[in-house]
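Presented below is the structure to which this report refers.
The values are calculated or read from the model by the stated rules, or taken from the named source; none is laboratory data. Remember, it's a predicted structure, so these values are computed and weren't measured experimentally. Quick reminder, even Gly has a Cβ in these numbers, built from the backbone with ideal geometry, and neighbours come from all protein chains shown. Note: areas computed on protein heavy atoms with side chains; ligands, DNA, RNA excluded. Shrake-Rupley method; radii C 1.70, N 1.55, O 1.52, S 1.80 Å.
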Amino acid sequence: MKEYWNNRFIHEGHIWGRQPSKTVIDAKRIFALNSVKTVLVPGAGYGRNTKILSDTFQVDAIEISSEAVLLGRQWDTGSHFIEGSIFDLSFNNKRYDAIYCYDLIHLFTKSERMRLIKTCIQQLNEGGIYYFTCFSNEDESFGVGKEVEYNTFEYKKGKISHFFDEDDLINHFSETEIKEIGEVEEVFEYSNDVSRTYKLRYIYGRSNSNTSKV
Ligand SMILES: C[S@@+](CC[C@H](N)C(=O)[O-])C[C@H]1O[C@@H](n2cnc3c(N)ncnc32)[C@H](O)[C@@H]1O
């Protein structure tokens, strides 16, 4: 995983451009409404989506790729980039008011996804807010490659992607207080002038059922 991402960041740099996702703008609005001060961003890449958060909140960005961390520290000087895996948060005993996690959870098998979500939710303060995005089963890549688990496809050797339908996404977060789920389209212009529209789903909620302004 680490080698794959390092190679991509070495050869493609700011792979998905420099404009933040509309989901992070939405997440920022929700975080501000709820007086959030600290945010954890797992799988932060080169900081495309952390930069807009770190001008307002204290952001810790966890990223497995050393190359992405180098790019991130240049692009978003406001976030604190930590090189490491989200599955090994033993080095990080901090708790956060919120988590924003863009397009990370679909990269794993079911048991890994459940572990990732549990690990993230455990990093939240009581009543903390989470906002995740992931691939939708409505995306054009759905069904490409060998199905290795339910709705999870190996689309290139050793590289899998899970595609979430609405119920599946709800089930993954069933131990939390879900506030909203929805669909969003993202258009990326790649460096070779190719553009691609991705269909994503998002979910946000709280780590428990405390009173909320969300
Ligand atoms: C699809 S990219 C999304 C990038 C980023 N979230 C954004 O908003 O641009 C997935 C990112 O997760 C990172 N990643 C993959 N597995 C990870 C892990 N176990 N722990 C931390 N980061 C991971 C990859 O290096 C890559 O930067």
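For the stretch 2-206, the calculated P(r), taken from all Cα-Cα distances in 5 Å bins from zero up to the bin holding the longest distance, is 1, 7, 16, 20, 23, 19, 10, 4, 0, 0 percent. In the stretch 2-206, the portion of solvent-accessible area held by carbon and sulfur atoms comes to 47 percent [1.4 Å probe, whole percent, DNA, RNA and ligands not counted]. Under a model in which nothing but the beta-carbon of Lys, Arg (+1) and Asp, Glu (-1) is charged, the stretch 2-206 shows a dipole of about 560 debye around its Cα centre. Normalised by the number of residues in the stretch 2-206, the average gap of Cα pairs under 8 Å and 6 or more apart makes the relative contact order 18 percent. Length gained on full extension, K118 to S85, computed as 0.36 nm times the residue gap minus the Cα-Cα distance: 10.4 nm.
Here the ratio of the Cα radius of gyration of the stretch 13-116 to 2.2 N^0.38 Å is 1.01. Here D193 sits with roughly 140 square angstrom of accessible surface, probe radius 1.4 Å. When both the stretch 90-119 and the stretch 143-182 are represented by their alpha-carbon centers, they are found 14 Å apart. Only Cα sites of the stretch 57-102 enter the Debye sum here, all with the same form factor; the resulting log10 I(q)/I(0) across q = 0.18, 0.19, 0.23 1/Å is -0.55, -0.62, -0.90, listed in q order. Sparsely packed loop sites in the stretch 106-214 (the trypsin sites (Lys or Arg not before Pro) outside DSSP H, G, I, E and B with at most 16 other Cβ atoms within 10 Å) comprise K157, K213.
For E138 and N6, the difference between the fully extended length at 0.36 nm per residue and the C-alpha to C-alpha distance is 44.7 nm. In the context of the full set of protein chains, residues of the stretch 133-210 present 55 Å² of accessible surface per residue (probe radius 1.4 Å, heavy atoms only). Could you name the lysines in cross-link range of K51, using Cα to Cα under 22 Å and dropping any fewer than eight places away on the same chain? Qualifying lysines at Cα under 22 Å: K22, K28, K37, K94.
Straight-line reach from K159: taking Cα to Cα under 15 Å and skipping same-chain neighbours fewer than 8 places apart, the aspartates and glutamates in range are E3, D103, E112, E147, E149.
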